[in-house]
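*Asks:* Got a structure for you, written out below as structure tokens; questions coming shortly.
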Amino acid sequence: MLQHCSHNIDIQVLLDNVEGCDWYPVDAVYNTKNFIEVDLLPNKVGRWKVGEWYYQLNERNNWSRWSYDGERFTYSWSKREDKGNDFNKSKRLIDNEVKKFMDAIGIEDWGWRFLRIMPEDHMIWHIDSPNYTSCAINIMLKDSSPIIFENDKFEYKCALIDVSNKWHTVESGKRERLTFKIIPNAPYEEVRKRLDIAGFLL
């Protein structure tokens, strides 16, 4: 679910160039209309209610869930950047740092983005699509408020996270929480093994 690790990325390069990325805010209010009540959650696109939770699976294979009509979620993402994109200067400097790390663990394809959560923000429970984000290496840049799974919560500085198989959300802290997310195009267990071989597992 989560494996603490280290990295060889220059954090200052990320912080110096974060504002050179394309940012967009998420501000969404979720309703409870047109849900089908079921006993077990089906693995198909639709809106489902199981117990007290409302679930939605979209066409990109992303799951989300919420607990009441009108629940509001706010946070900010930078646009996902993938290897080989046409980068501006800031993005190129960031991607060079990611490349240095991915080369060290033998991963040839990747994406990356930032996540910003302010103290008043509220992140939705979700499972990432295995088609786009099978796992992630998250590096904490500001604040250390935890990631929350259904039965556990973890604070970390850098961790490999199984985001496409486990329900998770993020707890807002007392200050801005800024995370850098590397998305290797490889399964969790393969990335974990490569991190171990390269000496980055803690």
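The values are calculated or read from the model by the stated rules, or taken from the named source; none is laboratory data. Quantities reported herein were computed from a predicted structural model and do not represent experimental measurements. Virtual Cβ from ideal backbone geometry, glycine too; neighbours counted across all protein chains shown.
*Asks:* Can you find even one residue in region 130-139 that is in contact with a Gly (Cβ under 9 Å, 6 or more places away or on another chain) and under 20 Å from I117 (Cα atoms)?
*Replies:* Yes: one or more hits.
*Asks:* I'm checking my understanding of the structure. Among residues of region 137-175 that are crowded, with 17+ Cβ neighbours inside 10 Å and in contact with a helix residue (DSSP H, G or I) (Cβ under 9 Å, 6 or more places away or on another chain), which one is farthest from Q56 (Cα to Cα)?
*Replies:* The residue in question is L141.
*Asks:* Just name the residue that is farthest from the chain's Cα centre (by Cα) out of those in region 132-178 that are assigned to a strand (DSSP E or B) and among the small types (G, A, S). Before you say what the answer is, go through the steps one by one.
*Replies:* If we filter region 132-178 for residues that are assigned to a strand (DSSP E or B), which is where we start, we get 136-142, 147-149, 153-154, 158-161, 168-170, 177-178.
Now narrow it down to the ones that are among the small types (G, A, S): 136, 159.
Working: A136: 6, A159: 11 Å.
Applying the filter and picking the extreme gives A159.
*Asks:* Restricting to region 69-99, and then to whatever is small (G, A, S) and more than 28 Å from E171 (Cα to Cα), can you tell me which residue is surrounded by the most Cβ atoms within 10 Å (Cβ to Cβ)? Outline the logic, then answer.
*Replies:* Taking region 69-99 first, the residues small (G, A, S) are 70, 76, 78, 84, 90.
Then drop every residue that is not more than 28 Å from E171 (Cα to Cα), which leaves 84, 90.
On the way: G84: 8, S90: 16.
Ranking the candidates gives S90 first.
For (1) at pLDDT below 95; (2) out of contact with any helix residue (DSSP H, G or I) (no Cβ under 8 Å at 6 or more places or on another chain); (3) on the phi > 0 side of the Ramachandran plot; (4) not small (G, A, S), each residue gets a yes or a no:
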position	(1), (2), (3), (4)
N31	no, yes, no, yes
R47	no, yes, no, yes
V50	no, yes, no, yes
S64	no, yes, no, no
E81	no, no, no, yes
K91	no, no, no, yes
D103	no, yes, no, yes
R116	no, yes, no, yes
D128	no, yes, no, yes
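*Asks:* How many residues are among the aromatic types (F, W, Y) and in contact (Cβ under 8 Å) with a residue 24 or more places away in the chain if we restrict to region 13-52? Before you say what the answer is, go through the steps one by one.
*Replies:* In the first step, residues of region 13-52 are kept if they are among the aromatic types (F, W, Y); the result is 23-24, 30, 35, 48.
Then keep just the ones that are in contact (Cβ under 8 Å) with a residue 24 or more places away in the chain; that gives 23-24, 30.
Matching residues across region 13-52 total 3.
*Asks:* Continuing with this model, one more query. Looking at L40, L57, can you tell me which residue is outside the structural domain of R113 (by TED's automatic domain parsing) and surrounded by fewer than 13 Cβ atoms within 10 Å (Cβ to Cβ)? Working first, answer last.
*Replies:* Details: L57 fails: surrounded by fewer than 13 Cβ atoms within 10 Å (Cβ to Cβ).
From the options L40, L57, the qualifying one is L40.
*Asks:* Can you tell me which residue within region 95-142, out of those that are in contact with a Cys (Cβ under 9 Å, 6 or more places away or on another chain) and free of Cβ contacts under 8 Å to residues at least 60 places away in the same chain, is nearest to K181 (Cα to Cα)?
*Replies:* Going through region 95-142, the residues in contact with a Cys (Cβ under 9 Å, 6 or more places away or on another chain) turn out to be 113-114, 128, 137-140.
Filter once more, keeping what is free of Cβ contacts under 8 Å to residues at least 60 places away in the same chain: 138, 140.
Values: N138: 5, M140: 9 Å.
Among those residues, the one meeting the criterion is N138.
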